[in-house]
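Chemist: Okay, handing you the structure first.
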Amino acid sequence: MLAPKKLLKTKNQVEPLQDKNPRRVKTKPNAKGKVKEKERGKFKEKGKFQAKGNGKSKNKNKNRDSNTSTSLSLERGSGDGPHQVGQQSLVALRFMDISLRHSDVQLLQSAHEGVNERLVAFYYAYLQHRRYRSESDLHFLNPGLAARLRHMDMRHLWAMVRDRRLNEKQFILVPLSTHPRPHGHWSLLLISRPDSKFYHYDSLDNCHSPLAASVSETLRAPLEAWKFALVTGRCLQQERQAAGKEGSGRDPASGIHLMCMTDHVADYVARCGYATSSLLIAVDQIAAMRTHLVELILSLGGILPSKRGH
């Protein structure tokens, strides 16, 4: 048998070199995978931004809700504390979004207690929507709103006047109080467009004159009442308690004077079409007003609480 011939290397033949350290070939990742990862990253970032945006929008909504709730509470009259919805057993009467509590009615049942902001708000709402509902030229400004007039900026003042169409009203009755709790002092500011005047009626030696001047100046621009003069009106004066006497720091009568004067002034301007600086009421009206208010609450379906001390 013939042995196989060995292949002889020629000079031109070269053995292939073997790489002692073979390189690992890196495979390129799937392009789609990269795109998906990028998209996921974008979605995560968008989610973060959306969450932030939602937070801002929630905050805006909360601010709006707080503003609307604040305005509603002002329309209801805050009384001597926040408007309490949860205490159903303490509510004596619900009237036009105003809830009178037993403690409010008990203020009327005692001759030594003054009236609070909620009682004034109730009576003003009654005058506006019942007694003088056919008198479109009259507007009874809510006491909670009246208390904030001096603290509003011009934008809110103009909005308040526009929303209530106060520029179209001939007579606006504004209750003034430096302290709306039961023993704070009350007085009445009448804005009379036919007379081009602000009339201020104060039952305690015009002690609210600086307040009346401040409120009238605040309302000049929104009401376009540039030439209106502030006039001090004559009205029945309440008895001043002697200094040092027990309860001398209290003012139980001015709120009753305010309610009587508001009804008296509204009746006068509704009949005559103009106002006057001298509008006196009888002492008997002041004495009977508490009983009249309690009977009014009963006639509107209210439930009277027991008197304090009984």
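Chemist: Within the range 149-167, which residues are surrounded by fewer than 15 Cβ atoms within 10 Å (Cβ to Cβ) and among the charged types (D, E, K, R)?
Modeler: ARG150, ASP153, ARG155, ARG162, ASP163, ARG165
Chemist: Out of everything in the range 251-279 that is surrounded by 18 or more Cβ atoms within 10 Å (Cβ to Cβ) and free of Cβ contacts under 8 Å to residues at least 60 places away in the same chain, what residue ends up being nearest to LEU236 (Cα to Cα)?
Modeler: CYS260
Chemist: Also, I was wondering about something else. Could you list, in sequence order, the residues of the range 281-310 that are within 16 Å of ARG130 (Cα to Cα) and either of a type in the set (A, V, I, L, M, F, W, C) or part of a helix (DSSP H, G or I) (or both)?
Modeler: Once the filter is applied, which keeps residues that are within 16 Å of ARG130 (Cα to Cα) and either of a type in the set (A, V, I, L, M, F, W, C) or part of a helix (DSSP H, G or I) (or both), the range 281-310 yields HIS292, LEU293, GLU295, LEU296, ILE297, LEU298, SER299, LEU300.
Chemist: If I filter the range 168-178 for residues that are of a type in the set (Ser, Thr, Tyr) and under 20 Å from GLN285 (Cα atoms), do I get at least one hit?
Modeler: no
Chemist: Of everything in the range 280-291, what is within 17 Å of HIS102 (Cα to Cα) and surrounded by 12 or more Cβ atoms within 10 Å (Cβ to Cβ)? Give them in sequence order.
Modeler: Passing the criteria: only ARG290.
Chemist: Only one of (1) at pLDDT below 95; (2) under 16 Å from the mean Cα position of the chain (by Cα) is not met by LEU141, so which one is it?
Modeler: (1)
Chemist: Consider LEU173 against the criteria (1) assigned to a helix (DSSP H, G or I); (2) touching a residue at least 12 places away in the same chain (Cβ under 8 Å); (3) of a type in the set (A, V, I, L, M): it satisfies all of them except one. Which criterion is unmet?
Modeler: Going through (1) assigned to a helix (DSSP H, G or I); (2) touching a residue at least 12 places away in the same chain (Cβ under 8 Å); (3) of a type in the set (A, V, I, L, M) one by one, LEU173 breaks only (1).
Chemist: What is the residue count in the range 121-152 for residues that are touching a Leu at 6+ places or on another chain (Cβ under 8 Å), over 11 Å from LEU173 (Cβ atoms) and of a type in the set (A, V, I, L, M)?
Modeler: Residues that pass the stated criteria total 2.
Chemist: Give me a count of the residues in the range 95-122 that are of a type outside the set (Asp, Glu), under 19 Å from the mean Cα position of the chain (by Cα) and surrounded by fewer than 17 Cβ atoms within 10 Å (Cβ to Cβ).
Modeler: Final tally of qualifying residues: 1.
Chemist: Name the residues in the range 168-208 that are modelled with pLDDT of 95 or more, polar (S, T, N, Q) and surrounded by fewer than 16 Cβ atoms within 10 Å (Cβ to Cβ), would you?
Modeler: Passing the criteria: only SER196.
The values are calculated or read from the model by the stated rules, or taken from the named source; none is laboratory data. These numbers come from a predicted model, not from an experiment. Neighbour counts run over all protein chains shown; Cβ positions are idealised from the backbone, glycine included.
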